[in-house]
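Below is one structure, written out as structure tokens; the observations come after it.
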Amino acid sequence: MEIDNEILEHMRNPYNYGRIDEASSIGIGENPQNGEKVIIYINVDESDSEATISQIAFEAIACMTTVVAGSVITKEADGLTFSKVEELIAVTLGMLEHVDPEQAACSEMVAVALKAAIDGYLLSKEKGEKQTLIYKIEQSCSPQMEYSKQEERE
Amino acid sequence: MKQLFIKTHEVWLVTLMASFMSKNSETKQSLNDFSDILFRHFTWLERELIKSGVEYDYNRDSVPIKVDSLRVILDNIVERLNTMELMLPNVTDDALRFRIQTDWEYMKYQIGNLADEEVTAFSAKREYKDFNLSNEATDALTLFLFEESYKEYELIMIYNYLKANSNDDYLNKIFQILIDESFFHLKSFGQMMAEMGILAVPRVIHESIYKVESLEEFLKDGIDEELAAKEQCKELSDAVVKEAKELAKFFDFINYQENYHIALMQDALRHFEEKGAE
């Protein structure tokens, strides 16, 4: 990873690092090869016509490159409508082909965690109970879905 | 008491970071000693929580430390201790409460007398001593220091949690050695980060990392991680050996220290397996 002052600031003080207690939705991105994980917490505002991320936080059980990716991507996603978040995820995943595989896996893990958080939110609404989704990363960048129902954090 | 435990964790880290920021050897030593004492308070409070059957974790708020003047962070430490005083009556053990209170009083007095200094630990200059490192070597060193300072903090917290929640004396002796070793590494890396102008507080650790489901798996994975850390040290040493022989020697030294950590973890694993077989 080439480090400039902007990257250094993300390393030193990652945006949105931490968790949201009682989050509207939690999504997990996981690398099945090494067990690394990204957990994204979102709060959602539905007062307008489309659901919007009103608050976002992430935790990384992973390397510093993943932390930087989490900082950059969650900063971008904060305040976006779900459709804009979907665009952000698509753009991020689309860019991974041009990045070295290790760095690609880190960014992919964040992107799929974000996808899991918004999909989990929509699914929770549909099912009437909280759903936490875990998406595993793949070389192909298409998330493999795995269901897990998780009780809300006390 | 849980809140006091969390705040003690935070003030320990702030004091440790302040010790890295100072360039005055006496100030640095005082802050370093105080941070060690605050960490001990943290472990004693943890013991009280366990004795009282209170559920706890190592979650905490992020601790901002970016300052231009040492006095600002010193005042912040004193302010934190003053706020924590209001929580002290929740400590029911009289001896512990008295001990913490008197330690804080002395710390506040001493910190109040420390001279101000200009802080350059956040300058982002990314130069170490007089070494003329290439951009590639500088990036590798920067990334290594961020990764490994977090890793050492993580190891301190993991072994501390395991030790606090285990009654196995044999394992606990090993965990204590590994805690002491990680403290040395964390302090070495933190000092280098401050000198390079890239000082940062390690991020909060997710509880699944220290609340391990299987000690056996944890030790096996830990041995693999130590092997990977050795490899990283070797790569870094090779990357800087031409431009900075002293730095290369330091990373070799850290690399060789990892051998003993691996041996200790293998010993812990053997003990655990034998105990399980009994």
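A few remarks follow.
- Calculated on the Cα set of the protein assembly as shown, radius of gyration then Dmax: 22.5, 64 Å.
- Pairs from B:LYS129/B:LYS187; B:LYS28/B:LYS66; B:LYS151/B:LYS275; B:LYS66/B:LYS249; B:LYS28/B:LYS108 whose Cα-Cα separation, in the structure shown, is over 20 Å: B:LYS151/B:LYS275; B:LYS66/B:LYS249
- Kirkwood Rh, angstrom, the range B:43-202 [1 / mean 1/r, Cα pairs]: 18.5
- Charge dipole (the range B:1-74, unit charges on Cβ, about Cα centre) - positive-most of B:LEU4, B:VAL72, B:PHE42: B:VAL72
- Surface/4 estimate of mean projected area, convex hull on alpha-carbon atoms of the range B:121-278, nm²: 9.3
- Spin-label proximity, B:LEU96 to the range B:10-27 - amide N less than 13 Å from point 7 Å beyond Cα toward beta carbon: none
- Using every pair of separate Cα atoms, the Kirkwood estimate puts the hydrodynamic radius of the range A:14-76 at 12.2 angstrom.
- Mean residue ellipticity (222 nm) of the protein assembly as shown, computed from DSSP H runs ≥ 4 via -39,500 (n - 2.57), nearest 500: -21500 deg cm²/dmol
- Dipole moment magnitude, nearest 20 debye, chain A about Cα centre, only Lys, Arg, Asp, Glu C-beta charged: 300
- Cross-link reach list, lysines versus B:LYS2, counting only Cα pairs under 21 Å and skipping chain neighbours closer than eight places: B:LYS51, B:LYS163, B:LYS211
- Cα-based shape type of chain B, given that a ≥ b ≥ c are square roots of the gyration tensor eigenvalues and the cut on a/c is 1.5: oblate
- Mean separation of Cα contacts under 8 Å (6+ apart) over length of chain A, as relative contact order %: 26
- Label separation (B:GLN266 vs A:GLU97): 4.7 nm, computed from points 7 Å beyond Cα along the C-beta direction.
- Springs between Cα atoms under 10 Å define the GNM used for chain B, and in it the highest mean-square fluctuation of B:SER182, B:SER149, B:SER25 occurs at B:SER25.
- Taking all protein chains together and rolling a 1.4 Å probe, A:HIS98 ends up with roughly 150 Å² accessible.
- Amide H to amide H distances under 5 Å link B:SER69 with B:VAL119, where only residues 5 or more positions off or on other chains count and H is placed in the peptide plane.
- Its Cα centre serving as origin, chain B has a Cβ charge dipole (Lys and Arg +1, Asp and Glu -1) of approximately 680 debye.
The values are calculated or read from the model by the stated rules, or taken from the named source; none is laboratory data. Model, not experiment: these values are computed from the prediction. Virtual Cβ from ideal backbone geometry, glycine too; neighbours counted across all protein chains shown. Keep in mind that these areas ignore ligands, DNA and RNA; they rest on the heavy atoms of the full protein, side chains included. Shrake-Rupley method; radii C 1.70, N 1.55, O 1.52, S 1.80 Å.
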